[in-house]
Every structure is written in structure tokens, then in C-alpha cells.
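Participant: This is the structure, below, for whatever I ask next.
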Amino acid sequence: IFADRWCLARTNSVATVGFYGAPIDLVLRLVFVPMAIASVLFPTLTAGLAGHGHAPAAALDGGARLLAAALFPITLLAVGLAPEAIRLWLGAEWASHSAPVLQLGAVGLFIGGMSLGMMALVQAAGRPDRPAIAHSLELPLHVGVVLLLAARWGIEGAAAAFVLRIVLDHVLMAVAAVHVMRRNADFGATRAVVRRTLAGTAAGAAMLLLVAAIGPLLLRALLVAVLLCAFAVLA
């Protein structure tokens, strides 16, 4: 989580770490939202795997929907209002540097938060080693990508590396969730839920990146309002 700051200090300057660290810290503090849902989902999945309560696939599907309902509006507002919010919070200079970092960080929060349901299933199935192995594999890859992108694009490159690591983790958790259920009677339904989660996460992240790419505030605000209304209907 903090390797990117060390890499930034090595490839750019210590001053850039501040422009990067403030918005990323804000994003990391918001992780409590999906964590709260995942902490309740874990015992539900454990009971389902033991043959009590909801079937694992149904519980995972419900958890994914709750995660999306909680995360998408928060991250959409963060992406859509990032430049103006940082300008009010820290000033115009910080906004010019840190707004793209907050926008990319919010995209990472959405993708990473959507992974927590699948991680809860892996842990409930008695394989907490799978996420640990995945994170151990991600670390050297992440450091290398951060050094490369930060040297070329500064804090925006480091933020892009942050998102890429989370995308990789999301895919690995999806693979692990399907794998731990391969001998379970609910395997087919679980695989379908994981596929829907991957597709929904990709669609949500694409919408967030689309909003981030729009410059004028009026157009951004209009698109945010349209997306929020559409999402409210879907939710």
C-alpha cells in the first residue's frame, strides 16, 4: 500500500509524495465502507458453505450488489467533483496536481471494494492463504510498475500503477473464488455470479473513467447526475 510513495520519492522528489499521498489517503480511509459489508458477508458465506442459511452463490451475489450500491455513488461523486473539492480543500495548486490522483484512486477503490466479496468467499472456504499468496506475488510487480510509470508520468503514473495493481488483485480473487468452489454443488451458480461481478465492475470502472476524462465542470456534473439516476433505478 505504501511502496508507491517510496518509489515516487526515488524517481521524482519528496515534494511530489505530498501531492500524491493526500488524495490516496482519503481513498484508503473510505475502504471502511466495503470492509463493513465484507465483514458481515464472511460469516454468511461460512454458514452457507456449511449447509446452513443462504447458498454461497446467493450470498455472494447479494454481497456484490450491496458492495456496488454502496461504492458506485461514493466513487462517482469523488471522480466527478475531485478538481473542485480539492481546490476548496487544499487550494488551486493542489487541485492541479492531486485531482487526477483522487480520480484514479476512486476508480481503484471501486474495483478493490468489489473484490472483497470474492475474497470473503475464498477465506470462508478455508483458504486464507490464497489472498496472501496473491499479495506476495503482486508486490514485486507493483514496485516495478510504479518505478516505471512514476519515472515517466510522475504522480499520475503512480496512481495508474495503483489502479493496475488493484485490477490484477480483482482478477486473482475472481479466479480463486471459482477455484475454491470447484467441488461444491453450488459451483456453477458461483461461477456465474463471479462473471457478473467482473462484468459489472468493468462497466462501473469504465463509467468512472469516462467521467474523469471530461474537463468542463458543467458536463461532468450533468453526466454524474444522469449516471446517479440510472444507477438508482438499477440499484
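The values are calculated or read from the model by the stated rules, or taken from the named source; none is laboratory data. All values derive from a computational prediction rather than experimental measurement. Every residue, glycine among them, receives a Cβ derived from its backbone with ideal geometry; neighbour counts consider all protein chains shown. We work out accessible area using only protein heavy atoms, side chains counted, and drop any ligands, DNA or RNA first. Shrake-Rupley method; radii C 1.70, N 1.55, O 1.52, S 1.80 Å.
Participant: Any idea which residue in the stretch 26-84 is modelled with the highest pLDDT, counting only those that are aromatic (Phe, Trp, Tyr) and within 17 Å of ILE111 (Cα to Cα)?
Facilitator: Top of the filtered list is PHE72.
Participant: Follow-up. Considering every residue within the stretch 2-13, establish whether at least one is open to solvent by 50 Å² or more (accessible area, probe 1.4 Å) and farther than 28 Å from LEU141 by Cβ.
Facilitator: Within the stretch 2-13 (the criterion being open to solvent by 50 Å² or more (accessible area, probe 1.4 Å) and farther than 28 Å from LEU141 by Cβ), the answer is no, since none of the residues qualifies.
Participant: Give the stretch 22-50 a look and list any residue that's assigned to a helix (DSSP H, G or I) and more than 17 Å from the chain's Cα centre (by Cα), or say none.
Facilitator: ALA22, VAL40, LEU41, PHE42, PRO43, THR44, LEU45, THR46, ALA47, GLY48, LEU49
Participant: Still on this model: Working carefully through the options ALA189, ALA235, ALA158, ALA177, find the one that is under 24 Å from PHE2 (Cα atoms) and either in contact (Cβ under 8 Å) with a residue 24 or more places away in the chain or among the polar types (S, T, N, Q) (or both).
Facilitator: Of the residues listed, the single one that is under 24 Å from PHE2 (Cα atoms) and either in contact (Cβ under 8 Å) with a residue 24 or more places away in the chain or among the polar types (S, T, N, Q) (or both) is ALA158.
Participant: Can you tell me which of GLY62, GLY53 is open to solvent by 20 Å² or more (accessible area, probe 1.4 Å), outside any helix (DSSP H, G or I), out of contact with any Gly (no Cβ under 6 Å at 6 or more places or on another chain) and without any contact (Cβ under 8 Å) to a residue 60 or more places away in the chain?
Facilitator: GLY53
Participant: Could you list, in sequence order, the residues of the stretch 142-163 that are hydrophobic (A, V, I, L, M, F, W, C), in contact with a helix residue (DSSP H, G or I) (Cβ under 6 Å, 6 or more places away or on another chain) and open to solvent by 50 Å² or more (accessible area, probe 1.4 Å)?
Facilitator: Matches in the stretch 142-163: VAL145, LEU147, ALA151.
Participant: Here's another thing I want to ask about it. For LEU164, work out the one condition from (1) in a helix (DSSP H, G or I); (2) at pLDDT below 95 it doesn't fulfil.
Facilitator: (2)
Participant: Could you identify the single residue in ALA176, ALA230 that is farther than 27 Å from HIS97 by Cα and surrounded by 19 or more Cβ atoms within 10 Å (Cβ to Cβ)?
Facilitator: Values: ALA230 fails: surrounded by 19 or more Cβ atoms within 10 Å (Cβ to Cβ).
Going through ALA176, ALA230 in turn, the sole match is ALA176.
Participant: Among the numbered criteria (1) at pLDDT below 95; (2) among the β-branched types (Val, Ile, Thr); (3) part of a helix (DSSP H, G or I), which single criterion is violated by ILE214?
Facilitator: (3)
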